[in-house]
Amino acid sequence: MANAELNVTLREESGKGVARRLRAQGLVPAVVYGKGFEPCTIAVEPKALEKAVSSVAGWNTLITLKGAKPVEGKVVVLKDLKRHAIRRTMVCADFHAIDLKKKSHFMIPVVTVGTSAGEKAGAMLQILRHEIEVICLPNAVPQSIEIDVTALEIGDVVHVAEITAPAGTEIPYDANFTILTVAGHKPEVEEVEGEEGEEGEEAGEE
């Protein structure tokens, strides 16, 4: 599991006006929350946050907060990040404080392995779920869920119940939803004219 550190500053005031002033100063307003933890408002530098989640683990990176006493040493994961619709600059962020000794829910990216037989026949592989939820200890979060698609033919579908959870994790689900499918038209079977002629001749003989 990827780890990072992030320096933050405490902000005692909240509200739209305070958030605008922080953004004008080049900072991103954020909130830290978690079970048994009083929500705390902080501010972070956008470049530092980008760097903290730039590893292959992305938002599942375990981030240790530094600088502000109420959250000093807290281990968190990025749960939400809003960006400006046009400029794409960070608007605000949410961090979830976690207990390293307790299992939590994480969203893991789906990665396909190989090229399906259906694709080789002209079909298209459609991934309907790019992430799958898993439950595991924070230090055991897998980087991805790999699905070998090489044997899939046109029309084949992979459901969540068919996915083998990585060691130390479980995949929760209420409905057996579709992860991916090989979409396309199966080639039509050509009829053999000779067989039709023989049948016609037999019919005529009768």
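Considering the conditions (1) over 25 Å from T169 (Cα atoms); (2) part of a loop (DSSP other than H, G, I, E, B); (3) in contact (Cβ under 8 Å) with a residue 40 or more places away in the chain, G26 is excluded by exactly one of them, (3).
Only one entry of E131, E146 meets the criterion of being touching a Pro at 6+ places or on another chain (Cβ under 7 Å) and surrounded by fewer than 17 Cβ atoms within 10 Å (Cβ to Cβ), and that entry is E131. Note on region 104-117: among residues that are assigned to a loop (DSSP other than H, G, I, E, B) and without any contact (Cβ under 8 Å) to a residue 60 or more places away in the chain, the one that is nearest to E5 (Cα to Cα) is G114.
Against the numbered list (1) surrounded by 14 or more Cβ atoms within 10 Å (Cβ to Cβ); (2) at pLDDT 90 or above; (3) in contact with a Ser or Thr (Cβ under 9 Å, 6 or more places away or on another chain), V8 comes up short only at (3). The one condition from (1) surrounded by fewer than 14 Cβ atoms within 10 Å (Cβ to Cβ); (2) in the same structural domain as P46 (by TED's automatic domain parsing) that C92 does not meet is (1). Figure legend. Inter-residue proximity from region 83-103: first residues within 16 Å of R20 (Cβ to Cβ), second residues in a loop (DSSP other than H, G, I, E, B), beta-carbon distance below 7 Å, spacing 6+ or different chains. Indicated pairs: R83/T89; V91/H84.
Just one residue in the set E131, E205, E191 is under 30 Å from V75 (Cβ atoms) and either at pLDDT below 90 or in contact with a strand residue (DSSP E or B) (Cβ under 8 Å, 6 or more places away or on another chain) (or both); that residue is E131.
Residue by residue, here is whether (1) in contact with a Gly (Cβ under 9 Å, 6 or more places away or on another chain); (2) crowded, with 16+ Cβ neighbours inside 10 Å holds:
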residue	(1), (2)
K35	no, no
C40	no, yes
V44	no, yes
L62	no, yes
V76	yes, yes
K82	no, no
D99	yes, no
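The listed residues are A140, A121, A167, A161, and the only one of them that is out of contact with any strand residue (DSSP E or B) (no Cβ under 8 Å at 6 or more places or on another chain) and at pLDDT 95 or above turns out to be A161. If the condition is being among the polar types (S, T, N, Q) and loosely packed, with under 15 Cβ neighbours inside 10 Å, then region 106-128 contributes T115, Q126. Per the conditions (1) in contact (Cβ under 8 Å) with a residue 24 or more places away in the chain; (2) under 29 Å from E50 (Cβ atoms); (3) not in a helix (DSSP H, G or I), the sole criterion not satisfied by G73 is (1). Within region 29-57, the set of residues being in contact (Cβ under 8 Å) with a residue 60 or more places away in the chain and in a strand (DSSP E or B) comprises P29, A30, V31, V32, Y33, G34, F37.
The values are calculated or read from the model by the stated rules, or taken from the named source; none is laboratory data. Everything numeric in this text was worked out from a predicted model, so none of it was measured. Virtual Cβ from ideal backbone geometry, glycine too; neighbours counted across all protein chains shown.
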